[in-house]
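Worksheet for the structure shown next.
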Ligand SMILES: [Ca+2]
Ligand SMILES: [Ca+2]
């Protein structure tokens with residue numbers, strides 16, 4: 001009996017040690033590289049401009065890249081495309097990067113390369129920043145596609161992409177269905193008297209963004225009731 005117990009203890013010890021050894025090994029694969037639109041969802045009023053970042057996460061040795069970013073040309077118009085800090089501010093190349101943005105009819109194309117034979121950049125950050133004007137109400141996808149990430153060996157690096165969306169609404173259209181009516185009034189009314197941080201506070205209902213849903217927000221909806229005029 002005693003011998004048996006000793007055997008069990010020895011076996012348990014052996015198993016624990018095996019598991020410890022197993023745990024010490026680097027079992028985790030490196031996290032996946034992702035190219036994504038930030039923020040993923042934007043809501044903006046008609047005739048206002050807005051900005052999105054194209055970010056990269058968990059990349060190793062990024063030397064150059066290109067990507068397309070689509071948009072619905074009936075509601076959006078790109079105005080500017082600026083390079084973000086990710087490669088530009090971290091590269092060891094003394095001449096920096098060559099950044100080439102092109103605005104096409106319904107997508108923007110961006111290519112960027114480190115100038116000279118220098119290592120790539122690793123980690124996470126912003127590759128570029130796009131500012132759009134809005135020309136009509138509606139929803140537009142902001143898909144990232146045909147993207148290529150290269151390391152200094154000009155080897156393609158596998159990665160995921162996550163698209164974005166933007167909803168362009170008229171002022172007072174709280175639920176984003178394209179019209180200002182009693183539904184929007186009701187949504188604001190349901191949050192009436194709530195302050196930011198409270199459970200019933202609805203940021204969508206706080207139209208003037210002052211941290212409280214009150215008569216001022218109801219008035220904004222009321223002033224646009226019945227829009228758009230048909
Ligand atoms: Ca509405
Ligand atoms: Ca308010």
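Summary table below
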read-out	value
Residue check, residue 166 touching a residue at least 60 places away in the same chain (Cβ under 8 Å) and within 16 Å of ligand 2 (Cβ to nearest atom)	no
Residue that is modelled with the lowest pLDDT, among those in segment 176-194 that are loosely packed, with under 14 Cβ neighbours inside 10 Å and either assigned to a loop (DSSP other than H, G, I, E, B) or more than 16 Å from ligand 1 (Cβ to nearest atom) (or both)	177
Residue in segment 44-56 that is more than 25 Å from residue 137 (Cβ to Cβ) and surrounded by fewer than 20 Cβ atoms within 10 Å (Cβ to Cβ) present	yes
Residue match in segment 156-174 (condition: outside the structural domain of residue 86 (by TED's automatic domain parsing), within 29 Å of residue 49 (Cα to Cα), within 16 Å of ligand 1 (Cβ to nearest atom) and assigned to a helix (DSSP H, G or I))	no
Residue count, segment 174-187 (criterion: within 16 Å of ligand 2 (Cβ to nearest atom) and either under 23 Å from the mean Cα position of the chain (by Cα) or within 28 Å of residue 141 (Cβ to Cβ) (or both))	3
Segment 195-217: number of residues that are part of a loop (DSSP other than H, G, I, E, B) and touching a strand residue (DSSP E or B) at 6+ places or on another chain (Cβ under 9 Å)	5
Check on residue 131, under 30 Å from residue 57 (Cβ atoms), touching a strand residue (DSSP E or B) at 6+ places or on another chain (Cβ under 6 Å) and modelled with pLDDT of 95 or more	yes
Any hit, segment 63-70, residues being farther than 17 Å from residue 111 by Cα and in contact with a helix residue (DSSP H, G or I) (Cβ under 9 Å, 6 or more places away or on another chain)	no
Failed criterion for residue 211 (all others in (1) away from ligand 1 (no atom under 16 Å from the Cβ); (2) farther than 30 Å from residue 122 by Cα; (3) surrounded by 15 or more Cβ atoms within 10 Å (Cβ to Cβ); (4) within 29 Å of the chain's Cα centre (by Cα) hold)	(3)
Strands (runs of 3 or more DSSP E) completely within segment 49-155 that count 1 or more residues being within 30 Å of residue 175 (Cα to Cα) and over 18 Å from the mean Cα position of the chain (by Cα)	76-83, 121-134, 138-142
Flag if residue 153 is more than 16 Å from ligand 2 (Cβ to nearest atom), in the same structural domain as residue 59 (by TED's automatic domain parsing) and modelled with pLDDT of 95 or more	yes
Residue check for residue 217: under 23 Å from residue 51 (Cβ atoms), modelled with pLDDT of 95 or more and within 16 Å of ligand 1 (Cβ to nearest atom)	no
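The values are calculated or read from the model by the stated rules, or taken from the named source; none is laboratory data. Since this is a predicted model, take the numbers as computed values, not measurements. Because the Cβ atoms are built from the backbone with ideal geometry, glycine has one as well, and the counts that use them run over all protein chains shown.
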